[in-house]
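**Student:** Starting off with a structure, shown below.
The values are calculated or read from the model by the stated rules, or taken from the named source; none is laboratory data. Because the structure is predicted, anything quoted here is derived from the model rather than measured. All Cβ positions, glycine included, derive from the backbone under ideal geometry; neighbour counts span all protein chains shown.
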Amino acid sequence: MTTFTDLGLPAPILKALAAEGYENPTPIQEQSIPHLLAGSDLLGVAQTGTGKTAAFALPMLTHLNKINRQAGPRACRALVLAPTRELASQIQASFATYGKFLRITSTVVFGGVPIGKQIRAVANGIDVVVATPGRLLDLMDQRALTLGEVELFVLDEADRMLDMGFVRDIKRILTKLPARRQTLFFSATMPKEIADLASSMLTKPVQVAVTPVASTVDRIAQHIIFCPTRQKQAVLHKLLEDSKIERAVVFSRTKHGADRIAKHLAAAGIPADAIHGNKSQGQRERAMAAFRSGKSRLLIATDIAARGIDVDGVTHVINFDLPNIAESYVHRIGRTARAGADGEAISMVADDERSYLRDIERLIRRRIDIMPLPEGLTVLPALVEAERQESPRGQRPPRRSGAPAGAHANHGGGRRPDDRRAVEGAGAAAPRPSRAPGNGPARDGAQRTRFQGR
Ligand code: AMP
């Protein structure tokens, strides 16, 4: 088996890796590091959880240390672009960890916080800048940072950068980089648009692909629970009674949804913080710190906020709803099963999310096992009260999960995942109710039939 020593990394880095408890390189590290040390460009198809941060940070630190040069004022020697503040912070923390026995300086810059401290951090020149694109451009526009001395450039999570609309920013940044540089390009997926962007930036790149989307998820036990939207909160509370869920990220498609989930959990005495783009940097950091330290067992997150979150020991990912972009499902469930551990993902699927489920199953090339709706769901009094206050003209909210326990047996209670075919048959024969969801008891019967099939 290849060791970090075999890869040609210097002693101070080996010491830092040993201190971190890393025993052997991960496949992407093994495949990339020798080429990167030799100065090649790299096109890496890999997502978080594969060890890709160290795959680029270790050879970069080695290079910066070997060619020991001080960057000029307002300049940097290495630039890493990442799509979100969380990911940028984590990458910079990795540089600090792996480089702790070297004299390499690094900083992180991102928006949403005052710029003054960031300007001061780069004023005398710095080795490594990890940045989100918008704030980097602000610094460049204010002439607080120039890119003319960049020797090493990394574009991380390129697919997400494009999803988030950063393509023009990236192209502007590229025009300011020296032509002579080493470029590393990482993306979890490689649709044509990304491949075109990569080929415009890279020179004769070495290509490394690890854990393609379809196989990354194999270590994660995945389940779906068919469940009407109005029952999801009660299902979540029920699931959380299981002590096997030691540390979980609960995903919501929207910021408002994330807040609502957290509020209803709090009303039921279950502490949980939500992180999303409307939260201040301070709130996000506090929520992350509570989750990381184990003070809080749950983190409620939107896709973008959760991007790159790297917390060890996440036993479960719970999708309160399914993402409308299939790749996001893979990113979401990748929050568990980090660094070789196993994990479990449970997704609640409402009737109007079935097309998302189909896309996801096509992408991961497998059917996800069905888990029966938990028995004994109760109306959550705090929830009803909260919704009564929210609903216009003080109307009563639609009836929640008050269906008798016996009804849940029809729903799939006791049904095993491998009974899927029989279930599908039943679903296909079931008439679609004409009624709009959410209108009283008659609908419960219709929903039961509807949710049997997929
Ligand atoms: P990444 O894909 O860069 O987000 O890394 C995922 C996780 O794997 C992080 O928690 C790293 O600290 C950890 N990690 C990276 N490389 C190794 C390694 N060689 N051995 C053990 N853990 C690692």
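**Student:** Please count how many residues of region 234-252 are crowded, with 23+ Cβ neighbours inside 10 Å and over 23 Å from K295 (Cβ atoms).
**Tutor:** Total satisfying the criteria: 1.
**Student:** Considering (1) surrounded by fewer than 24 Cβ atoms within 10 Å (Cβ to Cβ); (2) without any contact (Cβ under 8 Å) to a residue 40 or more places away in the chain; (3) within 16 Å of the ligand (Cβ to nearest atom), say which one Q29 fails and leave the rest.
**Tutor:** (1)
**Student:** G165 passes all but one of (1) at pLDDT below 95; (2) assigned to a loop (DSSP other than H, G, I, E, B); (3) within 25 Å of Q31 (Cβ to Cβ); which number fails?
**Tutor:** If we test G165 against (1) at pLDDT below 95; (2) assigned to a loop (DSSP other than H, G, I, E, B); (3) within 25 Å of Q31 (Cβ to Cβ), just (3) comes out false.
**Student:** Further, regarding this structure: Name the pairs whose Cβ atoms lie under 7 Å apart, with the first residue in region 352-368 and under 19 Å from A188 (Cα atoms), the second modelled with pLDDT of 95 or more, and 6 or more positions between them or separate chains?
**Tutor:** If the second residue must be modelled with pLDDT of 95 or more, the pairs left are I360/L322.
**Student:** Right, E157: farther than 27 Å from R284 by Cα and either acidic (D, E) or surrounded by 24 or more Cβ atoms within 10 Å (Cβ to Cβ) (or both) or not?
**Tutor:** no
**Student:** Looking for something over 12 Å from the mean Cα position of the chain (by Cα), under 18 Å from H237 (Cα atoms) and surrounded by fewer than 23 Cβ atoms within 10 Å (Cβ to Cβ) - is there at least one such residue anywhere in region 287-299?
**Tutor:** yes
The rows are residues; the columns are (1) charged (D, E, K, R); (2) touching a helix residue (DSSP H, G or I) at 6+ places or on another chain (Cβ under 6 Å); (3) modelled with pLDDT under 95.
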{"site": "T203", "(1), (2), (3)": "no, no, no"}
{"site": "V213", "(1), (2), (3)": "no, yes, yes"}
{"site": "I224", "(1), (2), (3)": "no, no, no"}
{"site": "C227", "(1), (2), (3)": "no, yes, yes"}
{"site": "S243", "(1), (2), (3)": "no, no, yes"}
{"site": "H264", "(1), (2), (3)": "no, yes, yes"}
{"site": "G269", "(1), (2), (3)": "no, no, yes"}
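**Student:** Additional query: For region 5-23, does any single residue satisfy the condition of being in a loop (DSSP other than H, G, I, E, B), within 28 Å of the chain's Cα centre (by Cα) and at pLDDT 95 or above?
**Tutor:** no
**Student:** Moving to a separate point now. Scan region 162-182 and give yes if some residue there is within 15 Å of L42 (Cβ to Cβ) and of a type in the set (S, T, N, Q), otherwise no.
**Tutor:** yes
**Student:** When you check A131 against the structure, is it under 25 Å from A301 (Cβ atoms) and within 16 Å of the ligand (Cβ to nearest atom), yes or no?
**Tutor:** no
**Student:** Moving to a separate point now. Which of the residues that make up region 234-272 are among the charged types (D, E, K, R) and assigned to a loop (DSSP other than H, G, I, E, B)?
**Tutor:** Listed by number, the residues that qualify are E241, D242, K244, E246, R247, R253.
**Student:** Within region 87-127, how many residues are aromatic (F, W, Y) and either in contact (Cβ under 8 Å) with a residue 40 or more places away in the chain or not assigned by TED's automatic domain parsing to the domain that holds M161 (or both)?
**Tutor:** Number satisfying all stated conditions: 2.
**Student:** Provide a single number: the residues in region 1-15 that are in contact with a Ser or Thr (Cβ under 7 Å, 6 or more places away or on another chain) and more than 15 Å from the ligand (Cβ to nearest atom).
**Tutor:** Matching residues across region 1-15 total 1.
**Student:** Taking region 99-116 as the search range and keeping residues that are small (G, A, S) and in contact with an Asp or Glu (Cβ under 8 Å, 6 or more places away or on another chain), which one is farthest from Q142 (Cα to Cα)?
**Tutor:** Applying the filter and picking the extreme gives S106.
**Student:** Against the conditions (1) within 12 Å of the ligand (Cβ to nearest atom); (2) under 24 Å from G334 (Cβ atoms); (3) surrounded by fewer than 24 Cβ atoms within 10 Å (Cβ to Cβ), where does A18 fall short? Just the number, please.
**Tutor:** Among (1) within 12 Å of the ligand (Cβ to nearest atom); (2) under 24 Å from G334 (Cβ atoms); (3) surrounded by fewer than 24 Cβ atoms within 10 Å (Cβ to Cβ), A18 violates only (2).
**Student:** How many residues, within region 32-60, are within 10 Å of the ligand (Cβ to nearest atom) and either surrounded by fewer than 23 Cβ atoms within 10 Å (Cβ to Cβ) or not aromatic (F, W, Y) (or both)?
**Tutor:** Residues that pass the stated criteria total 12.
**Student:** In region 309-366, which residue that is farther than 22 Å from P83 by Cβ and among the polar types (S, T, N, Q) is surrounded by the most Cβ atoms within 10 Å (Cβ to Cβ)?
**Tutor:** Checking each candidate, the answer is S347.
**Student:** Could you look through region 79-127, keep only residues that are within 16 Å of the ligand (Cβ to nearest atom) and part of a loop (DSSP other than H, G, I, E, B), and pick out the one that is surrounded by the fewest Cβ atoms within 10 Å (Cβ to Cβ)?
**Tutor:** K100
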